[in-house]
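Before I ask anything, here is the structure I am working with.
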Amino acid sequence: MTTSPQGYVHISVRNAQRRAARVRSYREHGGTYGTPASRPLHSVQNVAEHAGEAEPQAPQTAPMPVLAPNGIPGPQAVATETEARGFVIYVGMDESAASAAGTSLTRLANELRHYVESLVPGSQSAAAVAIAPAGAPGSDLEVVRQVLGDPTIQQGTRPDLLQAPAPVSTRQPGVLIDLARREVQLDGEGLNLTYKEFELLNYLVENGGRTVGRDELLDSLWRNSDEVPNERTIDVHIRRLRSKLGRLSGTVRTVRGQGYRFYEHPEVVVWAAPEYSI
């Protein structure tokens, strides 16, 4: 990219100034342009010369000198007109359809949010559930777009949805286990798990298809630990973990005589980055 000589602007700025000048001319002449667009440029210049103008117009290809906001000649910044800042996905689905599939609208919304944030670290997301009057006519998707105010819909807002309750932000019901962020939530509230408690839960989740014995847990999680563990150590950590899981403590189950197992409860959602395989 080359820099402009001092006192000149980029051609995009010059073109923007020309467009602004044409709009002013259009307004000043009561809705008609002072210079017909169809008239050749050289004809306009000839008319000006025959009318006795003292100074002929400069060639249209010449750069236009400008002053910067501080009064010093120099290149001007080109303002960005529009830019994409994100996207919206409207999903048409009622709660009964989600329940029949073994999930819920809030769980689906939060899983989509976390997946997007895993693809683009640092991105932000928010989710809302559209609440509409019972029996509102139209497809689920149509009603959702109306309630949430989709600006791309062609028809106006339906009168029967004007008084619809405002959409509500999602709160994850049950337990949300975020392996990538090493976070666990219960009904939307974060659980303060210790390092070993999370490691224990994480190991059980990753081996959710089988029962994990105490010896395996000790060998896998306490191999390089300064602590001298025994089977009692595992039992203590499991008890504390269950206590923090509250009403869903049964997520971690004891298999008598064998060890522990992760239970895929309908209210337990496990989210993991793509590198995980669960």
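The values are calculated or read from the model by the stated rules, or taken from the named source; none is laboratory data. From a predicted model like this one, the values you see are computed outputs, not experimental measurements. For neighbour counting, all protein chains shown are included, and Cβ atoms are generated from backbone atoms with ideal geometry for every residue, glycine included. The accessibility values were calculated without ligands, DNA or RNA, using every heavy atom of the protein model including side chains. Shrake-Rupley method; radii C 1.70, N 1.55, O 1.52, S 1.80 Å.
Tell me, which residue of the range 109-123 that is in contact (Cβ under 8 Å) with a residue 60 or more places away in the chain and among the small types (Gly, Ala, Ser) is nearest to Arg181 (Cα to Cα)?
Top of the filtered list is Ser118.
Read through the list (1) among the hydrophobic types (A, V, I, L, M, F, W, C); (2) touching a Ser or Thr at 6+ places or on another chain (Cβ under 8 Å); (3) over 30 Å from Leu105 (Cβ atoms), then give the number of the only condition that Val236 fails.
Every listed condition holds for Val236 apart from (2).
Could you tell me whether any residue of the range 198-208 is within 33 Å of the chain's Cα centre (by Cα) and part of a strand (DSSP E or B)?
Checked against the condition, which is being within 33 Å of the chain's Cα centre (by Cα) and part of a strand (DSSP E or B), the range 198-208 yields no hits at all.
Among (1) buried (at least 16 other Cβ atoms within 10 Å of the Cβ); (2) modelled with pLDDT of 90 or more, where does Pro229 come up short?
Result: Pro229 fails condition (2) only.
Next up: Return a yes/no flag: does the range 189-197 have any residue that is within 28 Å of Ser123 (Cα to Cα), touching a residue at least 60 places away in the same chain (Cβ under 8 Å), under 31 Å from the mean Cα position of the chain (by Cα) and surrounded by 12 or more Cβ atoms within 10 Å (Cβ to Cβ).
No, because not a single residue in the range 189-197 is within 28 Å of Ser123 (Cα to Cα), touching a residue at least 60 places away in the same chain (Cβ under 8 Å), under 31 Å from the mean Cα position of the chain (by Cα) and surrounded by 12 or more Cβ atoms within 10 Å (Cβ to Cβ).
Here's a follow-up. Can you name every residue in the range 214-262 that is polar (S, T, N, Q) and more than 41 Å from the chain's Cα centre (by Cα)?
Across the range 214-262, the qualifying residues are Asn230, Thr233, Gln258.
Output the residues belonging to the range 149-180 that are open to solvent by less than 60 Å² (accessible area, probe 1.4 Å) and either modelled with pLDDT under 75 or more than 30 Å from Glu197 (Cβ to Cβ) (or both).
Let us first name the residues in the range 149-180 that are open to solvent by less than 60 Å² (accessible area, probe 1.4 Å), namely 149-150, 153, 156, 158, 161, 164, 167, 170, 172-180.
Listed by number, the residues that qualify are Gly149, Asp150, Ile153, Gly156, Arg158, Leu161, Ala164, Pro167, Thr170, Gln172, Pro173.
OK, next. Quick one: which of Val252, Val268 is at pLDDT below 90, closer than 16 Å to Leu179 by Cβ, open to solvent by less than 40 Å² (accessible area, probe 1.4 Å) and among the β-branched types (Val, Ile, Thr)? Outline the logic, then answer.
Numbers: Val252 fails: at pLDDT below 90.
Within the list Val252, Val268, the selection yields Val268.
When you go through (1) at pLDDT below 85; (2) open to solvent by 70 Å² or more (accessible area, probe 1.4 Å); (3) not hydroxyl-bearing (Ser, Thr, Tyr) one by one for Asp219, which number turns out not to apply?
If we test Asp219 against (1) at pLDDT below 85; (2) open to solvent by 70 Å² or more (accessible area, probe 1.4 Å); (3) not hydroxyl-bearing (Ser, Thr, Tyr), just (1) comes out false.
Applying the selection to the range 209-250, what residues are among the hydroxyl-bearing types (Ser, Thr, Tyr) and in a helix (DSSP H, G or I)?
Ser220, Thr233, Ser243, Ser249
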